[in-house]
Every structure is written in C-alpha cells, then in structure tokens.
Amino acid sequence: MRRKLIAGNWKMYKTTAEAVALVEEIKKGLAGAPGDTLVAPPFTSLVAVVAAAKGSPVAVAAQNMHFEKEGAFTGEVSPAMLKDVGTTHVVLGHSERRQHFAETDEGVARKTKAALDAGLVPISCVGETLSEREAGKTMDVVKRQVDAILNALTPEEAARIVIAYEPVWAIGTGKVATPEQAQEVHAFVRLRIGAVHGRPVGEALRILYGGSVKPDNVKGLMALPDVDGALVGGASLKADSFLKLVHYDKQ
Ligand code: PGA
C-alpha cells in the first residue's frame, strides 16, 4: 500500500515570516490527514520552516540543489547543505527549472543520484509540454525523462525516490489533466519503472500528479489507482486551500 503524499511547492513566494506563519497554520489543521504532508519553501526560509515544523508530521523539501558535493559554483547549494539544515526531501527537475534554467534530463538524473547519496529523498519531476502532447509525443517524452533518471540508479536506489508527473500545460494554467490523462501516464511510468528495475520497485514507488491541483479536483485525482499524491503550486500558498488538499478524502 502506497501512502499518499501531498506536497506544496511554494516556488519563489514568501518571506521567512510568511513561510513560518503558513507552516504554523498547516500544522494546526493536520489532524486526521489520510496521508503524508510536505512543504517546499525557498532556500532562504528552509532553516526557519524546519524549526517550525519540528515535532510535527510536516516534512520539508528544498526546490533545487547542485549535484556536486562542494566546489566553486557561485550561487549554488549542495545536497549536504540541505541535509545540514534538516531538509529531508528535494524537488528536482521541475519544468520551470528545465524551461528557464536549462536543466537537462542528464542533469536531473545526476541530481537525483546525488540527493540519494546525501540521504535526501528526491522528488524528481517529468512531464510533456502542450506541443509535445498535441504532437502525440507524451509517452516518448515521459519515457525519455524517466529512463534518464532510472538509468542513473540501482533498483535499491530507485525504490527510494518519488516521481512527480507534471504536464507542463497544466502547471499554473487552471487546466488540470483529466483523470484519464493522468492515470494513463502514471500507469505508463509505473510500468516503465517495473521494466527497468523490476515490478516490486514499480509497485512501491510513489508517483505524484502536479498541475492545477485544487480542492475541487483533488478527490478525483487521488482516487486514481496510480496517483499517489500531488505536487501543488498555487493552491499550496494558503493554509485553507492546502489543508483541503491534505484532507482530500473529505472534499
Ligand atoms: P500549480 O503548480 O499547482 O500552480 O499548477 C504545480 C507545480 O508547479 O508544481
């Protein structure tokens, strides 16, 4: 049985005071949540959010990191630095990083491996653009992205990652994938993991859906057999909407 994970990606929003206030409100509303809860604040508020979340079930992720252990990489943050401040997870290869910061399949694969080596749980993102979907290339693109990650890992390592399927055309657009579209790709990704690393790994690994997840569509998405949670942007920035997602079973 895979436990659901509801993850809030705060992107480039929130000062430290705002971030702490949000996590305090989230903590108050968690009782009875059916799955796991995670927030991914900007680097600048990681320390404060880790402190605020301490002793609660809220896990804290970074939104990116470098794959090298250390070095002359001005402006970058290493896996060990994230671990050092108490971060347990890291979002990698988000489409905004692929699109605006030239992240490649190979780079995302290296980061995924480096996160595992540092004892972090990577949440590695894949997903097709609108033009790729319209050209009928969704499965080819997702396979290429997923395979790059899987090929960098042993089966034991692969079993420790989380994958997020986020169709780029659904991110921040209000255009959520239909349940059929989401389930189709999630099942495909799970089969692919099974083909590369064995069926038990595919069955155990959590695959999150991301892209315009809101309180009014979350229940249907979470009911899909291969959707194991959500990676949420916009609706994670306010406690009331995020808590509705956390309590997806009651919507
Ligand atoms: P959205 O973002 O929920 O605002 O569509 C999702 C994401 O980018 O992770």
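The values are calculated or read from the model by the stated rules, or taken from the named source; none is laboratory data. The structure presented is a predicted model; accordingly, all values stated were derived computationally and were not measured. Every residue, glycine among them, receives a Cβ derived from its backbone with ideal geometry; neighbour counts consider all protein chains shown. All accessible areas refer to the heavy atoms of the entire protein, side chains included, with ligands and DNA or RNA removed. Shrake-Rupley method; radii C 1.70, N 1.55, O 1.52, S 1.80 Å.
Descriptive notes on the structure:
- Counted residues, the stretch 12-27 - those being open to solvent by 40 Å² or more (accessible area, probe 1.4 Å) and either touching a residue at least 60 places away in the same chain (Cβ under 8 Å) or within 16 Å of the ligand (Cβ to nearest atom) (or both): 4
- Scanning the stretch 128-143 for any residue that is closer than 15 Å to Val77 by Cβ, away from the ligand (no atom under 16 Å from the Cβ) and either free of Cβ contacts under 8 Å to residues at least 40 places away in the same chain or crowded, with 20+ Cβ neighbours inside 10 Å (or both) turns up nothing.
- The stretch 61-83, subset within 16 Å of the ligand (Cβ to nearest atom) and open to solvent by 10 Å² or more (accessible area, probe 1.4 Å), residue farthest from Ala40 (Cα to Cα): Asn64
- Residues (assigned to a helix (DSSP H, G or I) and open to solvent by 10 Å² or more (accessible area, probe 1.4 Å)) located in the stretch 196-221: Val196, His197, Arg199, Pro200, Val201, Glu203, Ala204, Lys219, Gly220
- Residue match in the stretch 131-141 (condition: closer than 22 Å to Gly211 by Cβ, modelled with pLDDT of 95 or more and touching a Leu at 6+ places or on another chain (Cβ under 7 Å)): no
- Any hit, the stretch 209-217, residues being without any contact (Cβ under 8 Å) to a residue 24 or more places away in the chain and either under 16 Å from the mean Cα position of the chain (by Cα) or closer than 20 Å to Met1 by Cα (or both): no
- For Ala159: the one exception among (1) farther than 21 Å from Ala114 by Cα; (2) away from the ligand (no atom under 15 Å from the Cβ); (3) open to solvent by less than 60 Å² (accessible area, probe 1.4 Å): (1)
- Count of the stretch 172-186 residues which are open to solvent by less than 30 Å² (accessible area, probe 1.4 Å) and either of a type in the set (Val, Ile, Thr) or more than 16 Å from the ligand (Cβ to nearest atom) (or both): 1
- The residues of the stretch 228-241 that are more than 14 Å from the ligand (Cβ to nearest atom) and either under 15 Å from Ile207 (Cβ atoms) or of a type in the set (Asp, Glu) (or both), listed by number, are Asp228, Asp240.
- Within the stretch 84-105, the residues that satisfy the criterion of being part of a helix (DSSP H, G or I) and buried (at least 17 other Cβ atoms within 10 Å of the Cβ) are Ser95, Glu96, Arg97, Arg98, Asp105.
- Qualifying positions in the stretch 28-49 - outside any strand (DSSP E or B) and open to solvent by 40 Å² or more (accessible area, probe 1.4 Å): Lys28, Ala31, Gly32, Pro34, Phe43, Thr44, Val47
- Unmet requirement for Asp147, which otherwise passes all of (1) touching a residue at least 24 places away in the same chain (Cβ under 8 Å); (2) away from the ligand (no atom under 16 Å from the Cβ); (3) open to solvent by 30 Å² or more (accessible area, probe 1.4 Å): (3)
- Residue within the stretch 126-143 that is under 30 Å from Met81 (Cβ atoms) and outside any helix (DSSP H, G or I) present: yes
- Every residue from the stretch 216-227 that is in contact with a helix residue (DSSP H, G or I) (Cβ under 8 Å, 6 or more places away or on another chain) and within 15 Å of the ligand (Cβ to nearest atom): Val218, Leu221, Met222, Val227
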